[in-house]
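Okay, so here's the structure we're looking at.
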Amino acid sequence: ILVVGPTVADVEVSVTVRLDGSNGEFGIVHHVQDSLNYDFVSLTVSAMRLGRMIDGKERILNEKPIEARDWVELRAVAAGRHFRGYIDGELITHGHGRPLPAGLVGIRAMGGVTVQLRKLWARPLTEES
């Protein structure tokens, strides 16, 4: 996991990434409390997963098959109890849960993943978003 500050509550995070040929998993993390507690949206070459890491155990809120080929924009939006994952602007995963306290945002890579990154950005959301 690679994270940056400051801490934020409601947030939108986007990364343009290429995973072709990867066997692992790459994703966006937000509301990071520590390495064992955070929310995430992640990609493999065949699926998108939206979930929460709690005390080092994954809890998947939503998972959809996808085909991540070439460059894609992976975006996570967390607003209150609503969590959404997008690929190239299309809503793929959606879930609900108790919001974690404000935390850091960043990226994570797991398994034998080789990733090319083109762009990464994050912005806090106002309550009206």
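The values are calculated or read from the model by the stated rules, or taken from the named source; none is laboratory data. All figures in this text were calculated on a predicted structure; none of them were measured in a lab. Cβ atoms come from the backbone with ideal geometry, glycine included; neighbour counts cover every protein chain shown. Heavy atoms of the whole protein, side chains included, go into the accessibility calculation; ligands, DNA and RNA do not. Shrake-Rupley method; radii C 1.70, N 1.55, O 1.52, S 1.80 Å.
Some points to look at:
- Projecting the Cα atoms of M53, A76, V4 onto the charge dipole of the stretch 1-109 (Cβ charges, centred on the Cα centre) puts M53 farthest toward the positive pole.
- Average accessible area per residue (Å²) across the chain - probe 1.4 Å, nucleic acids and ligands excluded: 51
- Surface share of carbon and sulfur [accessible, 1.4 angstrom probe, percent] for the chain: 50
- Only Lys, Arg, Asp and Glu carry charge here, each on its Cβ (+1 for the first two, -1 for the last two); on that basis the chain has a dipole of about 120 debye about its Cα centre.
- The chain: radius of gyration and largest Cα-Cα distance (Dmax), Å: 13.2, 40
- FRET efficiency for the R81 to V115 pair, using the beta carbon distance and R₀ = 25 Å, is estimated at 0.25.
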